[in-house]
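Take a look at the structure set out below.
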Amino acid sequence: MNDLIDIIDEYILISDIKGSILKCNSKLLSRLEYNEDEINKLAIIDLIGYEKKVIEKWVNFKDNKEREANNINLKLYPKISNPISVNGKIIIDNYEDKECIIIISKDISKITEEKIDVEEKIKFMENKIKELNENLSMESMRNEFFANLSHEFKTPLNIILGTMQLINKNIENDNITYNENFNLRKYNNVIKQNSYRLLKLLNNLIDITRIDAGYYNIKMSNYNIVEIIEDITMSITQYAQQRGIKLIFDTEEEDIIIGCDPEKIERIILNLLSNAIKYTDPGGEIKVSITSSEEKVFVSVKDNGVGISVKDNGVGISERSISKIFERFAQDSTSFSRRCEGSGIGLSLVKSLVEMHGGNITVESKVNKGSEFKFELLNMKVVDDDNISNIGEMSCSKIEKCDIEFSDIYSS
C-alpha cells in the first residue's frame, strides 16, 4: 500500500483523527522539504494551517457524503519555501484499519501564478489602452482647438491685409492726402509686415495641426527639383544683400526630374534660408547645394537620392539644443542665438514635409562656426505622370511668400 502511495503523481497526506501525521508520499515529502523523521513529528495543522476545530468538524460528520470534500483549495506550508497552492479533496476514511484524514491534492501554484500574471498583464494593458484613448482624445481636442483658433485669427487678419492693400493702392493713385510730416506709407508697411508675421505663425499652426490630425496632403507631380530650388533661392537674394550676406547656389546637374510637391519644397527651402539669414552676421555666407548620386551622400537613408544642403557660417546651434532642434516648439535659448523672434514650429514643419516626401533631414552645427541642414529626396518620378510641370504655372507670388517668411527678420 505504501509503495502504491509513493508512485502516485498527486500529493497524498494522511493523518489520524487527532491530526498527527501518519503518512506523506515521497512526492509531497520532497515538495514540503522535510524528511520522514521530521514529518512524523508534525500535525496536519502545521502543514495546512487549519485550526483543530475545523479538522474535528470533518471527523464528526456522520453522513459519508458529507465526510468527503471535493475541489478544495488549500495552502500547504513547506519548511522553507513559500506556501504551495493545491487543489484536491479531503476524505475521512480508513487507512491501515484506522479512521484517518486523507488529503489528496495537486499542485496548482504555477497555474495560479500564471493566472495572476496574465490577469495583471491584462489589467495593465487595459489601463494603458484607457490612458492612450484619453491622451488621443485630449490631443484631438487640442488639435481641433488650435485649428479653430487659427482660422478665427485668420479671418480678421485677411480683412486687415485687404484694407491695407486698398489704402496702399489709394496712396499710389493720390486718392489719399496726408501731412508730409506723417509718413503714412511707413506705418502702412509696419501694419503689412506684422500682419505677415501673424500670417506666417497661423499658417504654421494650421499646417502642423493638419499634419497631426492626418489631413495634410502633398500633391506629387514630376518637376525639375533644381529649377524649383534655384528659383526660390534667387528670389531671396535681395533679403540676403540687405543683410550684407553672400548667397551662393551650386548644383552638379541642371535638370533632375523627380516626383515632388513644389509648394512644399519651396516651404522647406524658404524656412531653412530664413533661419540661415537670421543667424548669419553681415559679411557671412550662405550656400545652397544640390547633389544627385546613386551613392548615399547626404542623410544616407536612400539609394539614388537627391541631396540638398543649406549651409551658413553663422552663430551655430548649441550642443544641448541640436538634438531637439526638430522638435515642436524647440528653440535655442542661448543669448547669442535668440536674436530674432520665432515660434519654434518651423523646423518641425520642415521635418514633417521632408518625411512626407519619403526623405530625411539632419543638421550639423558648431557654435560660432555655422550650421548645415541637409536633406535627401527620392530620385524617383511619379508613375503615370509623363508631363513635366512648369513651376512658373504656380499661382501664388514668390515675392509674397518671401515677404511672409522673412517678416520676422526685416523691418520696413
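The values are calculated or read from the model by the stated rules, or taken from the named source; none is laboratory data. What you see is a predicted model, and the numbers here were worked out from it, not measured in a lab. Backbone-built Cβ (ideal geometry, glycine too); neighbour counts: all protein chains shown.
In the range 16-115, counting only helices (runs of 4 or more DSSP H) that sit wholly within it, the ones holding 3 or more residues that are at pLDDT 85 or above span 26-32, 36-40. Taken as a whole, the structure places K219 among residues that are surrounded by fewer than 17 Cβ atoms within 10 Å (Cβ to Cβ) and in a loop (DSSP other than H, G, I, E, B). Taking residues in the range 237-257 that are closer than 19 Å to I308 by Cβ, and partners anywhere that are among the basic types (K, R) and modelled with pLDDT of 90 or more, the pairs with Cβ atoms closer than 6 Å and at least 6 places apart or on different chains are I248/K287.
For the range 262-286, a tally of residues being surrounded by fewer than 18 Cβ atoms within 10 Å (Cβ to Cβ) and charged (D, E, K, R) returns 3.
Check whether at least one residue in the range 205-215 is among the small types (G, A, S), more than 19 Å from C402 (Cβ to Cβ), surrounded by fewer than 17 Cβ atoms within 10 Å (Cβ to Cβ) and touching a helix residue (DSSP H, G or I) at 6+ places or on another chain (Cβ under 8 Å), and report yes or no. Checked against the condition, which is being among the small types (G, A, S), more than 19 Å from C402 (Cβ to Cβ), surrounded by fewer than 17 Cβ atoms within 10 Å (Cβ to Cβ) and touching a helix residue (DSSP H, G or I) at 6+ places or on another chain (Cβ under 8 Å), the range 205-215 yields at least one hit.
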